[in-house]
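The values are calculated or read from the model by the stated rules, or taken from the named source; none is laboratory data. Owing to the predicted nature of the structure, the values given are computational and were not obtained by experimental measurement. Reconstructed Cβ throughout: ideal geometry from the backbone, glycine too, with neighbour counts over all protein chains shown.
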Amino acid sequence: NAGVTQTPKFQVLKTGQSMTLQCAQDMNHNSMYWYRQDPGMGLRLIYYSASEGTTDKGEVPNGYNVSRLNKREFSLRLESAAPSQTSVYFCASSLRTGTFVNTIYFGEGSWLTVV
Amino acid sequence: GQQLNQSPQSMFIQEGEDVSMNCTSSSIFNTWLWYKQEPGEGPVLLIALYKAGELTSNGRLTAQFGITRKDSFLNISASIPSDVGIYFCAGALIQGAQKLVFGQGTRLTINP
């Protein structure tokens, strides 16, 4: 029961470096998401992909890019990391339907520090 | 944009006590979700609510979807040490491709 798997778990970057966070889900879900979590601010949506082949901006997309590689995989890229991007990043997925807003399942998180 | 206010921000209780927390929104939601997050882990879904007025239980946890569709409540009865963690509410309006809005979280600490 892997669910949502994201890598790496921990990463330290220097300002200006680039990196990609990888995410994969094995639940055959249509929708995938990237959130960041900062102290006292809950979870904020960076980007989401409603279905394979589509991506949309969330609440805080600046400084990030995403790729929905296939139905299983959704990656998040930081092209030029900044200290303000120090955060915990969560990938998530959900099964989309036309009736109810489906529940979202989260990965275990990636701790990113930009120095 | 939509905002969720979750309260209290933190709670310090004795083992065995009941716990109550709530979320209020400036907008109407069609769905309310409650998550628990433990240190070093991602949020885990506890209860999902899809209808105004709905009352749903999951073991010692009970959550309600407010009749105005702008609030939700989570109660934990007879707390135990493993209830420690951060509890998040989340709401959504758009069906299908969803955009959940999260509360700031309630940090629960239990003294044995």
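Per the listing B:52, B:97, the residue uniquely modelled with pLDDT under 95, of a type outside the set (Ser, Thr, Tyr), in contact with an Asp or Glu (Cβ under 9 Å, 6 or more places away or on another chain) and surrounded by fewer than 17 Cβ atoms within 10 Å (Cβ to Cβ) is B:97. Considering A:92, A:24, the condition of being within 12 Å of chain B (Cβ to nearest Cβ), surrounded by 13 or more Cβ atoms within 10 Å (Cβ to Cβ) and among the small types (Gly, Ala, Ser) is satisfied by A:92 alone. Considering A:63, A:107, which residue is within 13 Å of another protein chain (Cβ to nearest Cβ) and either at pLDDT below 90 or within 20 Å of residue A:38 (Cβ to Cβ) (or both)? Checking each option against the conditions leaves just A:107. Just one residue in the set B:3, B:37 is within 15 Å of the chain's Cα centre (by Cα) and closer than 28 Å to residue A:9 by Cα; that residue is B:37. Restricting attention to segment A:74-87, the residues that are surrounded by fewer than 16 Cβ atoms within 10 Å (Cβ to Cβ) and at pLDDT 95 or above total 5. Exactly one residue out of B:62, B:31 is away from chain A (no Cβ under 14 Å) and either among the polar types (S, T, N, Q) or within 15 Å of residue B:100 (Cβ to Cβ) (or both), and it is B:62. Only one of the listed residues (B:91, B:42) is buried (at least 19 other Cβ atoms within 10 Å of the Cβ), touching an Asp or Glu at 6+ places or on another chain (Cβ under 6 Å) and within 21 Å of residue A:30 (Cα to Cα). That residue is B:42. Put simply, of B:57, B:77, B:82 the only residue that is under 29 Å from residue A:30 (Cα atoms) and of a type in the set (S, T, N, Q) is B:57. Pairs linking a residue in segment B:39-55 that is within 25 Å of residue A:36 (Cβ to Cβ) to a residue that is at pLDDT below 90 and part of a loop (DSSP other than H, G, I, E, B), with Cβ atoms under 6 Å and 6 or more positions apart or on different chains, are B:45/A:103; B:48/A:103.
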